[in-house]
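The structure's right below; bear with me while I get my questions together.
The values are calculated or read from the model by the stated rules, or taken from the named source; none is laboratory data. Keep in mind it's a predicted model, so treat the numbers as computed, not measured. Ideal geometry is used to build each Cβ from the backbone, glycine not excepted, and the neighbour counts take in all protein chains shown. In case anyone asks, the SASA skips ligands and DNA or RNA and just uses the protein heavy atoms, side chains included. Shrake-Rupley method; radii C 1.70, N 1.55, O 1.52, S 1.80 Å.
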Amino acid sequence: PFLRIGECLMNQNQQKISLVGVGRVGSMLALTILIKGLAKEMVLVGENNHQAQGEVYDLIHASSFAHPMKIYAGPIEATSHSDIIVVSASVPMTNMKNRLDLGTGNATLFRNLIPQLSQLSPEAIFIIITNPVDIMTYYTIRLSNFPPSRVIGTGTLIDSGRFRSLLGLYSGIHPEDIHAYILGEHGESEFPVLSLADFGGMGMENSLPVCRKTCPLKNLAEVFEEAKDGGMLVYRHKGYTNHAIALATCTLIEAIFKDSGRILPVSTLIDGYLGVTDMCLSMPVVLGQEGILKIIELNMNEQEQTAFRSSAAVLKKAAKEMGIE
């Protein structure tokens, strides 16, 4: 009987999600959206429409155990009037050494996709998963001419989630009660903001609190390196990542649809923070129905500020080599 304003807006307006890319990430994301009941309508657009249709049949069969939803596959035109468009389409990740290896191929892919998608859904919010996600987020802004507030890269949300999960594992503290960000590039130059990391209001810049005898001793630097290597660790063992990134993306979708004002680290256009301009990197932002409502400019220490600038330099150099400036 009692609905918040954000929930009313969600029910009335924000009902259609289009997933562009129906590989392992896209299919897992579709299932997670269905389980959480985040939309009234979901469109799957894949390179192989036959496979996408198979996913649709499977999801429709699953809907009796989750939430009723209109689900269908189609060409890019089927995305028309979407509220959120999630792009995970990518060139194959064959013998990938790092995420930047995918840049040139995915830049070509985006030149074909993004202008069409933005014309079909001029009021949509883009969520970009495709790697290298920071450069692809930046290129989406350029190709779509959308305001930066409506183009969001998953960025280091996944890395920060891995970091918090591992910190929780090694301390005995619930990950939700640990505040710790990994920021910058979603890749080799990312860095932890240890100067502002805390649990229960207590800082942990110098040491990890161990609250249970069964927890192994780890220092923060070791935990960060494990989190940083998390995606490649999964990739080396099973050839792809999909579970964690799907749930991370759903967290963004839910924050937008519910107009929740959650603060989450995502890739967004930086315009002057610490002297960095004209590139997307991860920073904490406030998310709501209109996309990014505010970027939280953290008071990082000197070492972290240097790491942020270095991360920007790495991405700008890579973007230039891909012909994106």
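Look at the stretch 268-280 and say how many of its residues are buried (at least 20 other Cβ atoms within 10 Å of the Cβ) and free of Cβ contacts under 8 Å to residues at least 12 places away in the same chain.
The number of residues fulfilling the criteria is 0.
For the stretch 176-194, give me the residue count where each residue is crowded, with 16+ Cβ neighbours inside 10 Å and in a helix (DSSP H, G or I).
So the answer is 1.
Is it true that some residue in the stretch 281-298 is surrounded by fewer than 20 Cβ atoms within 10 Å (Cβ to Cβ) and either among the polar types (S, T, N, Q) or within 20 Å of L102 (Cα to Cα) (or both)?
Within the stretch 281-298, none of the residues are surrounded by fewer than 20 Cβ atoms within 10 Å (Cβ to Cβ) and either among the polar types (S, T, N, Q) or within 20 Å of L102 (Cα to Cα) (or both).
Please state which one of L120, L167 is open to solvent by less than 20 Å² (accessible area, probe 1.4 Å) and more than 18 Å from the chain's Cα centre (by Cα).
L167
Assess whether R162 counts as being among the charged types (D, E, K, R) and either modelled with pLDDT under 95 or under 30 Å from T79 (Cα atoms) (or both).
No, not satisfied.
Those residues that are open to solvent by 40 Å² or more (accessible area, probe 1.4 Å) and under 30 Å from K40 (Cα atoms), I need them from the stretch 197-250; list them, please.
If the condition is that a residue be open to solvent by 40 Å² or more (accessible area, probe 1.4 Å) and under 30 Å from K40 (Cα atoms), then Y240, T241, H243, A244, L247 are the ones that fit.
Follow-up. Could you list all residues from the stretch 150-193 that are in contact (Cβ under 8 Å) with a residue 40 or more places away in the chain and among the aliphatic types (A, V, I, L, M)?
Listed by number, the residues that qualify are V151, I152, L157, I158, L166, L167, L169, I182, L183, V193.
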